[in-house]
Amino acid sequence: MTFPTLDTTTLPPNTQYLPRSAWGLTDDEADRRGMDEQPLEVPELYVHHTAGSTPDLSPAEWDDDPIRLVQVMDERARNRTDPTYRAVAYSVIIHHGPDGITSIVEGRGDRYPGATSGRNTISKAVCLVGNFDSVYGPDPRRSPHPAELEAARWVVNEWRRVGILADDVVGRPHRDNPSCPGCTACPGDRVTDDDIAYIMSPIVPPPPPDWSSPMTALYGYDSAFPRLVDTRPGQSAQLDMERPPADNTFVIPMPADAPIPAEGDPGYAIVNVTVLNPAAAGYLVLWGDDLGDDSTLNYDPRHPVPVANMVLARLGRLGLHDGTGQAVIRGMFRVADADLIVDLKAVVA
């Protein structure tokens with residue numbers, strides 16, 4: 001069966017996705033172990049915690065190496081006499097480290113059933129690293145970190161989006177397993193029903209801004225436009241522009257679909273401007289219609305680190321003072337030329 005691919009470009013901030021091959025469970029290894037693939041549209045999902053799954057690792061070792069953590073869990077699972085434990089029990093293991101990085105580590109992954117007693121063939125299993133049961137001794141993860149919950153939510157939403165989970169999937173803590181009522185307190189009382197509801201909740205993209213309101217006349221850049229300018233050889237950008245000579249005006253047009261009024265005052269652009277490889281010390285000037293001489297940033301080849309500034313740049317018009325024509329930024333390298341990178345972040349009407 002061909003399984004869909006998760007879109008890891010949408011991961012939450014400071015989160016990484018580690019495939020099961022990173023700790024040794026390749027497709028060939030899974031076949032060797034006799035693991036059976038699970039059909040799509042899985043109707044149930046259970047949330048677990050590691051709790052006593054890793055007695056050979058100290059909490060410090062949990063922090064240091066999520067890959068080693070999963071390898072130990074896998075070794076212990078395979079040492080069981082139960083033949084259903086052909087690999088680490090969980091579909092994914094979610095680990096938040098002291099460096100602030102949250103790791104989503106594929107256990108069995110999205111291709112094989114998760115292990116929840118009596119529900120193996122119809123469920124996936126998400127495991128949070130830590131012991132979240134208050135009756136046990138001190139544990140640095142007495143409550144799951146918000147980033148772990150956010151990562152689990154991302155997994156559920158991606159699985160639902162690509163059809164690995166059914167649209168009406170039911171999410172439960174392991175303790176609410178209907179096949180084994182009262183068998184376990186997993187994932188601990190510190191993982192609340194509200195936490196489970198959050199993990200199962202849809203991630204809804206923010207609505208588009210209302211351009212009719214002056215308070216929302218800010219246009220986000222991230223995926224709207226490519227890089228505007230990059231004069232370095234072999235680099236691609238929206239504007240095919242060569243390295244500008246010193247003391248000559250250059251023009252950077254704004255994208256045609258930017259929400260800029262067709263006539264009148266075009267407003268401002270928020271741009272990130274980077275200068276590299278200067279021929280000598282100099283400075284960059286940016287303006288709209290009226291030439292100014294205020295330095296946007298200074299550069300000097302004796303300091304080879306690239307110089308970057310976030311700039312609120314006045315926009316002008318190709319028609320200059322008649323208020324018509326495409327909105328542009330004008331600029332000039334004073335004294336010495338350099339390579340230029342311009343990334344548009346927003347426009348303010």
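The values are calculated or read from the model by the stated rules, or taken from the named source; none is laboratory data. Predicted model, so just to flag it, every value in this text is computed and none were measured. Ideal geometry is used to build each Cβ from the backbone, glycine not excepted, and the neighbour counts take in all protein chains shown.
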- Message: For the range 314-347, give me each residue that is in a loop (DSSP other than H, G, I, E, B), modelled with pLDDT of 90 or more and among the β-branched types (Val, Ile, Thr).
- Response: VAL335
- With the condition kept exactly as written, say whether any residue in the range 264-274 is out of contact with any strand residue (DSSP E or B) (no Cβ under 6 Å at 6 or more places or on another chain), surrounded by fewer than 14 Cβ atoms within 10 Å (Cβ to Cβ) and among the acidic types (Asp, Glu). no
- Query: Scanning the range 239-263 for residues that are of a type in the set (A, V, I, L, M, F, W, C) and surrounded by 15 or more Cβ atoms within 10 Å (Cβ to Cβ), which turns out modelled with the lowest pLDDT?
  - Reply: ALA258
- Note on the structure: Condition set touching a residue at least 24 places away in the same chain (Cβ under 8 Å) and surrounded by 13 or more Cβ atoms within 10 Å (Cβ to Cβ), scope the range 22-32, selection farthest from the chain's Cα centre (by Cα): answer is ALA30
- Task: Could you tell me whether any residue of the range 71-93 is at pLDDT 80 or above and either assigned to a strand (DSSP E or B) or of a type in the set (Lys, Arg) (or both)?
- Result: yes
- Query: If you scan the range 277-307, which residues turn out to be over 18 Å from ILE252 (Cα atoms), assigned to a strand (DSSP E or B) and hydrophobic (A, V, I, L, M, F, W, C)?
  - Reply: VAL307
- Query: Looking at the range 22-34, is at least one residue over 27 Å from GLY171 (Cα atoms), modelled with pLDDT of 85 or more and part of a helix (DSSP H, G or I)?
  - Reply: yes
- Take the range 109-160 and flag every residue that is modelled with pLDDT under 95, in a helix (DSSP H, G or I), more than 20 Å from THR192 (Cα to Cα) and not aliphatic (A, V, I, L, M). ASN120, THR121
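So how many residues does the range 242-272 have that are more than 18 Å from ARG334 (Cα to Cα) and assigned to a loop (DSSP other than H, G, I, E, B)? Give the derivation first.
Of the residues in the range 242-272, the ones more than 18 Å from ARG334 (Cα to Cα) are 253-272.
Filter once more, so that each one left must be assigned to a loop (DSSP other than H, G, I, E, B): 254-267.
The number of residues fulfilling the criteria is 14.
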